[in-house]
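The values are calculated or read from the model by the stated rules, or taken from the named source; none is laboratory data. Everything quoted here is computed from the prediction, not taken from an experiment. Every residue, glycine as well, gets a Cβ built from its backbone with ideal geometry; the counts of neighbours run over all protein chains shown. Surface accessibility is based on the protein's heavy atoms, side chains included, excluding ligands, DNA and RNA. Shrake-Rupley method; radii C 1.70, N 1.55, O 1.52, S 1.80 Å.
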Amino acid sequence: MSTKNNEKITSFFYKKENEAKKDEQPQTVTNSSGNVESATSTTSSNISDETLPHIPYQPKSIKFPMRKIGKQKRSFNPKWFDQFQFLHYREDSDSVICHTCALADKQKLLKIDTRKEQTFIELGFTNWKKAIEKFRDHENSATHKHAIEVITRPIDIDELISHNAAIEKRENSRCLMKIIENVVFLGKQGLALRGDGDDKTGNFYQLVLLRAKDDPALLKWIEKSYDRHMTPQAQNEILKLLALSVLRKMAADIRESKCYSILADEASDVSNVEQLVLCLRWVTKDLIVEEDYIGLMPLDKANAANIAGAIKDVILRMSLSMEDAKPQCYDGCSTMTGVRNGASTIIKRDNPKCLLTHCYCHALNLAVGDTVKNVPLLKETLEDAYELTKLIKYSPKRQAALKNKQQELKIDNLNLPVDSASPDTEEFSKLRLFCPTRWTVRAKALQSISSNYKAILEMLLWCTEPQNTSDSDIRARAGGIERKMNTFKFVYGMNLALLVLNHSDNLSATLQDPKLCAADTQETAQLVVQTLSKLRDDEHAQKFLDKIKREVTRLEIDEQEPGLPRRKKAPRKLEAYFGYGTGDSHQHETAETYYRAQYFDAIDKVVASIRDRFDQPDYKIYVNLEQALLNGAANKNIEESLAVLKEHYKNDFDF
């Protein structure tokens with residue numbers, strides 16, 4: 001769950017909790033003696049229980065203090081208690097109040113204006129010179145008569161039952177809010193609510209027990225309501241309600257922003273069910289970019305029609321307008337981005353302004369993947385390197401053996417490429433695993449092999465000895481990789497792959513900069529293409545080959561000189577099938593021409609793949625829109641950009 005979604009859940013939860021607290025009011029009932037008793041311990045008046053007991057305080061045997069009133073000193077007369085039985089004496093302030101009115105006010109039973117009688121309700125009366133006159137005036141006041149009426153009202157059985165039910169309802173609501181609070185906490189922290197087997201061993205139940213130590217009433221409520229509010233079904237229902245609340249808040253914010261973009265991808269989960277993940281990206285009034293995860297939708301068939309239908313269904317359920325969807329971003333498969341019947345094309349039929357954008361980082365990853373798969377030398381080298389890393393990294397014994405070989409060889413100065421910066425020695429002394437899905441993060445893994453080449457060869461020879469490795473399959477694998485690493489071809493292929501992957505990895509890191517604008521993205525890709533294209537000449541190819549020869553000599557590889565691959569003949573069945581004779585396949589005259597062709601082939605393939613993947617017609621509209629805004633702010637000419645925008649956004653902007 002994202003941080004922004006957590007804030008929305010917390011806001012929703014505490015809003016409900018505050019509303020529940022706001023509704024709580026102190027309740028009273030009248031007992032058989034006519035005295036008023038509080039039904040709850042909550043007080044909401046400035047008169048506390050210590051200053052206002054259930055019966056008036058009327059001391060007659062104490063000495064009342066003298067108070068100077070005018071020119072004479074006067075004190076309270078205890079005989080007034082017999083004449084005015086509602087009086088309540090307060091020793092701390094030497095004053096009296098009306099016990100009946102104060103009690104009714106404390107219990108919020110007075111429904112009329114009490115401002116004129118605040119002296120007898122809260123402040124206290126002390127003018128003993130006019131005591132009898134003021135006592136009689138208050139006794140005949142509307143406030144005092146109303147207080148007597150509401151205090152001495154006879155008990156109603158139905159009201160008492162309703163009152164007790166209201167108390168129980170408030171207590172149940174309070175405990176249920178504690179349960180919801182626990183679900184929210186575990187959800188925000190990404191912790192599982194339940195464990196394996198018994199539900200009472202899970203995080204949810206144990207957290208409830210922990211909180212019950214400070215709230216004994218919660219434990220009693222759990223014992224009574226476990227089957228209704230503590231079960232897995234109840235937990236799932238709470239999570240569902242919270243999720244719906246967050247989605248409603250998202251939908252309201254997106255509707256307010258007026259436009260949004262669609263991001264979607266489909267994949268199979270561990271249960272082998274095709275699911276579509278959908279995200280919406282939008283901008284707030286404060287120009288803050290928000291990207292919200294909406295959910296996973298199961299798909300019966302992962303075809304373009306079903307995917308487009310699922311996206312439209314979610315947009316409709318969130319009460320959003322399809323016309324407000326401006327860009328859409330997917331991967332490059334034909335199901336999503338097919339020109340004729342792709343999911344993006346189906347959506348653009350309903351909303352032509354919903355432009356398609358293929359993520360440039362993903363496009364670069366596909367471009368590098370295409371290059372490696374279509375250049376046999378790179379494909380074979382990376383497959384062998386991948387097997388090498390698995391052989392070592394998945395075995396603590398072989399990894400420890402590699403570390404020992406490194407220490408024996410005293411690898412202080414690593415074998416780093418000439419054109420690289422000076423990376424951290426410790427970083428490249430450790431062998432890295434290849435990422436199985438991303439091509440634009442493999443340069444460091446390949447560099448770790450190059451940096452530890454001699455130690456790896458020594459370790460592989462160590463693995464081929466029976467006393468060190470009992471498994472014959474592992475010995476065979478180690479011996480096969482060792483023989484390949486002792487060839488000129490492997491060293492050349494590894495360094496050629498590093499040349500390509502270093503440029504692609506740097507481009508990938510640059511494209512992930514959040515401050516990079518649309519025009520700079522294309523310019524950066526073009527700079528990489530231009531850099532690689534400048535390397536495609538005989539001079540650079542010869543320099544690269546000479547560098548590899550020096551490298552092979554330094555590493556003491558068994559095969560010191562480059563050689564030609566074995567001559568292959570076309571299959572004889574082609575003669576009968578195609579009706580012409582089979583001759584020898586093309587063979588290079590020298591090893592230099594063969595490796596020069598491999599060098600040119602790798603550069604040509606990566607340049608062509610990047611150009612093809614980065615050539616997106618809809619993306620050019622965004623570049624023109626960006627240039628129009630930036631040039632307009634700088635008072636530059638924007639006519640060229642506006643010409644493109646007028647045709648596409650003619651109904652959205654007043655040009």
Check your understanding: Is one or more of the residues making up the range 323-335 buried (at least 20 other Cβ atoms within 10 Å of the Cβ), touching a His at 6+ places or on another chain (Cβ under 8 Å), free of Cβ contacts under 8 Å to residues at least 24 places away in the same chain and under 28 Å from SER504 (Cβ atoms)?
Key -> no
Exercise for review: Those residues that are modelled with pLDDT of 65 or more and of a type in the set (Phe, Trp, Tyr), I need them from the range 423-438; list them, please.
Suggested key: PHE434
Point to revise | Unmet criterion (only one of (1) at pLDDT below 90; (2) under 24 Å from the mean Cα position of the chain (by Cα)) for GLN328 | key: (1)
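Condition check ((1) aliphatic (A, V, I, L, M); (2) assigned to a helix (DSSP H, G or I)) across all residues:
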site	(1), (2)
ASN236	no, yes
MET250	yes, yes
ILE254	yes, yes
LEU263	yes, no
GLN275	no, no
LEU278	yes, no
LEU316	yes, yes
Revision key, fill the gap. Going through the range 208-234 in order, the residues found to be in a helix (DSSP H, G or I) and either in contact with a strand residue (DSSP E or B) (Cβ under 7 Å, 6 or more places away or on another chain) or of a type in the set (Asp, Glu) (or both) are GLU223, ASP227
Practice item. Being farther than 15 Å from HIS138 by Cβ and either touching a residue at least 60 places away in the same chain (Cβ under 8 Å) or in contact with a Lys or Arg (Cβ under 8 Å, 6 or more places away or on another chain) (or both) is the filter here, so list the residues in the range 89-110 that pass it. Key: ASP94, LYS106, GLN107, LYS108, LEU109
Review point. Looking at this structure, is LEU499 open to solvent by less than 50 Å² (accessible area, probe 1.4 Å), within 30 Å of ASP615 (Cα to Cα) and not in a helix (DSSP H, G or I)?
Key: no
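Matching residues to (1) buried (at least 16 other Cβ atoms within 10 Å of the Cβ); (2) in contact with a helix residue (DSSP H, G or I) (Cβ under 6 Å, 6 or more places away or on another chain); (3) more than 17 Å from TYR89 (Cβ to Cβ):
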site: LEU110; (1), (2), (3): yes, yes, yes
site: LEU123; (1), (2), (3): no, no, no
site: TRP128; (1), (2), (3): yes, no, no
site: GLU133; (1), (2), (3): no, no, yes
site: ASP137; (1), (2), (3): no, no, yes
site: VAL150; (1), (2), (3): yes, yes, yes
site: PRO154; (1), (2), (3): no, no, yes
Review point. Mind checking which residues of the range 64-88 are farther than 21 Å from ILE148 by Cα, in contact with a strand residue (DSSP E or B) (Cβ under 9 Å, 6 or more places away or on another chain), in a strand (DSSP E or B) and in contact (Cβ under 8 Å) with a residue 12 or more places away in the chain?
Key: ARG67, ARG74
**Study point:** Where LYS21 falls short, out of the listed (1) at pLDDT below 85; (2) of a type outside the set (A, V, I, L, M); (3) open to solvent by less than 50 Å² (accessible area, probe 1.4 Å)
**Key:** (3)
**Study point:** Filter result for GLU237 (open to solvent by 30 Å² or more (accessible area, probe 1.4 Å), out of contact with any His (no Cβ under 8 Å at 6 or more places or on another chain), at pLDDT 90 or above and within 30 Å of GLY332 (Cα to Cα))
**Key:** no
Check your understanding: Restricting attention to the range 172-208, which residues are hydrophobic (A, V, I, L, M, F, W, C) and without any contact (Cβ under 8 Å) to a residue 12 or more places away in the chain?
Key -> ALA192
Point to revise | Residue match in the range 52-65 (condition: within 23 Å of LEU109 (Cβ to Cβ), at pLDDT below 85 and open to solvent by less than 60 Å² (accessible area, probe 1.4 Å)) | key: yes
Exercise for review: Considering each residue of the range 68-89, count those that are surrounded by 14 or more Cβ atoms within 10 Å (Cβ to Cβ) and either among the aromatic types (Phe, Trp, Tyr) or modelled with pLDDT of 90 or more (or both), and give that number.
Suggested key: 10
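One line per residue, one yes/no per condition, for (1) in contact with an Asp or Glu (Cβ under 7 Å, 6 or more places away or on another chain); (2) in a helix (DSSP H, G or I); (3) surrounded by 16 or more Cβ atoms within 10 Å (Cβ to Cβ):
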site: LYS348; (1), (2), (3): no, yes, yes
site: PRO352; (1), (2), (3): no, no, no
site: ALA363; (1), (2), (3): no, yes, yes
site: LEU378; (1), (2), (3): no, yes, yes
site: GLU383; (1), (2), (3): no, yes, no
site: LEU388; (1), (2), (3): no, yes, yes
site: LEU391; (1), (2), (3): no, yes, yes
Practice item. Kindly provide the set of residues from the range 344-388 that are free of Cβ contacts under 8 Å to residues at least 40 places away in the same chain and under 34 Å from the mean Cα position of the chain (by Cα), ordered by number. Key: SER344, LYS348, ARG349, ASP350, ASN351, PRO352, CYS359, HIS362
Exercise for review: Would you check if LEU527 is closer than 18 Å to LYS379 by Cβ, touching a Leu at 6+ places or on another chain (Cβ under 9 Å) and in a helix (DSSP H, G or I)?
Suggested key: no
Point to revise | the range 336-346: number of residues that are more than 18 Å from ALA310 (Cα to Cα) and surrounded by 15 or more Cβ atoms within 10 Å (Cβ to Cβ) | key: 0
Practice item. Please state which one of ASP253, ASP265, ASP286, ASP292 is buried (at least 19 other Cβ atoms within 10 Å of the Cβ), over 26 Å from LEU176 (Cβ atoms) and acidic (Asp, Glu). Key: ASP292
Point to revise | Residue in the range 148-166 that is in contact with a strand residue (DSSP E or B) (Cβ under 9 Å, 6 or more places away or on another chain) and on the phi > 0 side of the Ramachandran plot present | key: no
**Study point:** From the options ALA455, ALA476, ALA445, residue that is out of contact with any helix residue (DSSP H, G or I) (no Cβ under 8 Å at 6 or more places or on another chain) and assigned to a helix (DSSP H, G or I)
**Key:** ALA476
